[in-house]
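Trainee: Provided herewith is a single structure, encoded as structure tokens, for subsequent inquiry.
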Amino acid sequence: MNIVIIGATSGIGKTLFLKYAHEDNRIGIVGRRTRILDEFSQQYPSKTFAAQADVTNLEGIEQAINKLHKELGNFDLVIMCAGIGDINATLDYAVERPTIDTNVVGWTYVIDMLYCFLEQQGFGHLVAITSAGGLRGEPMAPAYSATKAYQINYMEALRKKAFKSARHITVTDIRPGLVDTAMAKGEGLFWVMPVEKVANQIIDAIRKKKSKVYVTKRWHILAFINRNLPFVIYKQL
């Protein structure tokens, strides 16, 4: 299988790469950290096709994806993992701006480009790692929760688009809860999940071609409560 992972040098993307690399796959990886890209290329030379890029550099990320497309040919599975978020209770715009640039501007550019490749070839599976944090507005991290809500709605739009299309395209929205990576910030975090367990459940959801899934499974419970909790109660939490 030809797989592309955007954001493969850290967190969930890195763990997914390592798991898929143990199977019979050819994997295109994009990330900001050249050292890690080089390490992966040396560790799995026959399976790894690497391109360094930051999703906020639209020209650079376009060149990286085009490079992988030429090397791999068709894309069977594309996974968008790149994303950032910071605690910003003081509403410092200098903190919010990178989150918006990454999670909305760059993210949309990449997602659209990948979907168009799948549409042109007539098949494929598009996966995005969004977040359970996009279900409600969070005052400690307003831009993060808002940009993840944007991603959730965008993926729903693409699922509907794929359903109405004659192409054989699957669209999957993966919504992790708190995962034990650098993205999990703050004190006293609740239900922080090990990244290995999260990655295993993501791979299982991809294999089953789920339309959307919360990981790990226990986050389905919290997501249901969070989504349906009246604001009069939610605002006091």
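Trainee: Just to confirm my numbers, what's the Cα centroid distance between the range 76-111 and the range 10-44 in Å?
Mentor: Their Cα centres are 21 Å away from one another.
Trainee: Can you compute the label reach from PHE123? Point 7 Å from Cα along the Cβ direction, backbone N cut-off under 15 Å, restricted to the range 77-109.
Mentor: Zone members listed by number: 77-78.
Trainee: Still on this structure, I have one more. Just how far, in whole angstrom, is the range 201-237 from the range 119-145 if you go by their alpha carbon centroids?
Mentor: Here the two parts' Cα centres lie 13 Å apart.
Trainee: Here is a further query. With only Lys, Arg, Asp and Glu charged, each at its Cβ (+1 for the first two, -1 for the last two), find how big the charge dipole of the range 9-113 is about the Cα centre; round to the nearest 20 debye. Walk me through the numbers before you get to the answer.
Mentor: Values: 10 positive and 14 negative charges, 70 e Å.
Value, rounded to 20: 340 debye.
Trainee: Would you work out the relative contact order for the range 15-161, in percent, from Cα pairs under 8 angstrom that are 6 or more residues apart?
Mentor: On the way: 185 pairs, mean separation 28.4, N = 147.
It rounds to 19 percent for the range 15-161.
Trainee: Give, rounded to the nearest 20 debye, the magnitude of the charge dipole that the range 56-106 has about its Cα centre when Lys and Arg contribute +1 at Cβ and Asp and Glu contribute -1 at Cβ. The partial results should precede the final answer.
Mentor: Values: 3 positive and 8 negative charges, 29 e Å.
Charge dipole of the range 56-106: 140 debye, to the nearest 20.
Trainee: Could you give the DSSP H helices of the chain that reach 24 angstrom or more along their long axis (alpha carbon positions) and whose average Kyte-Doolittle hydropathy is no lower than -1.0?
Mentor: 142-164
Trainee: I've got another one for you. If a/c stays under 1.5 just call it rounded; otherwise compare a/b with b/c (prolate if a/b is bigger, oblate if not). Do that for the range 1-159, with a ≥ b ≥ c from the square roots of the Cα gyration tensor eigenvalues. If you can, show how the numbers build up before the last one.
Mentor: On the way: a/c = 2.01, a/b = 1.57, b/c = 1.28.
Verdict is prolate for the range 1-159.
Trainee: What span do the alpha-carbon atoms of the range 122-167 cover on each of the three principal axes, reported in whole Å from largest to smallest?
Mentor: For the range 122-167, the Cα extents along the three principal axes come out at 42, 15, 13 Å.
Trainee: What net charge is computed for the residues neighbouring GLU156, neighbours being all others with C-beta under 12 Å from the C-beta of GLU156, Lys and Arg scored +1, Asp and Glu -1? The partial results should precede the final answer.
Mentor: On the way: positive: ARG159, LYS160, LYS161, ARG175, LYS212; negative: ASP173.
Charge balance near GLU156 sits at +4.
Trainee: Calculated FRET efficiency, GLU196 and ARG97, Cβ-Cβ r, R0 30 Å, to nearest 0.05?
Mentor: Working: r = 33 Å, r/R0 = 1.09.
After rounding, the FRET efficiency stands at 0.35.
Trainee: On to the next question. Taking the solvent-accessible surface of protein heavy atoms with a 1.4 Å probe, what is the per residue accessible area of the chain in Å²? Intermediate values should be presented prior to the final figure.
Mentor: Working: 11740 Å² over 237 residues.
Roughly 50 Å² per residue, with all protein chains present.
Trainee: Could you tally the net charge around VAL195, taking each other residue with its Cβ under 11 Å from the Cβ of VAL195, Lys/Arg +1 and Asp/Glu -1?
Mentor: Values: positive: LYS14, LYS19, LYS197; negative: ASP180, GLU196.
For residues surrounding VAL195, the net value is +1.
Trainee: Right, another one. Quick one: compute the contact order of the range 94-237, relative version, from alpha carbon pairs under 8 angstrom and 6+ residues apart, as a percent.
Mentor: Values: 171 pairs, mean separation 32.5, N = 144.
It rounds to 23 percent for the range 94-237.
Trainee: What residues have an amide H closer than 5 Å to that of MET193, excluding those fewer than 5 places away on the same chain, when H is modeled at 1.01 Å from N in the peptide plane?
Mentor: Residues meeting the amide H criterion: LEU178, VAL179, ASP180.
Trainee: Do the sum for the chain: with -39,500 (n - 2.57) for every DSSP H run of n ≥ 4, divided by all residues, what is the mean residue ellipticity at 222 nm, to the nearest 500 deg cm²/dmol? If you can, show how the numbers build up before the last one.
Mentor: Numbers: 9 runs with 109 residues, N = 237.
Calculated mean residue ellipticity at 222 nm is -14500 deg cm²/dmol.
Trainee: Jot down the per residue volume, in cubic angstrom and as a whole number, of the convex hull over the alpha-carbon atoms of the range 89-237. Walk me through the numbers before you get to the answer.
Mentor: Working: hull volume 17.8 nm³, N = 149.
Taking only Cα atoms, the range 89-237 has a hull volume of 120 Å³ per residue.
Trainee: Ranked highest first by average number of other Cβ atoms within 10 Å, how do 211-224, 12-25 line up? Can you show the working numbers first?
Mentor: Working: 211-224: 16.4, 12-25: 18.8.
Packing proxy ranking, top to bottom: 12-25, 211-224.
The values are calculated or read from the model by the stated rules, or taken from the named source; none is laboratory data. In this text the structure is predicted, and so the values were computed from the model without any measurement. Cβ atoms come from the backbone with ideal geometry, glycine included; neighbour counts cover every protein chain shown. For accessibility, only protein heavy atoms count, side chains too; no ligands or nucleic acids. Shrake-Rupley method; radii C 1.70, N 1.55, O 1.52, S 1.80 Å.
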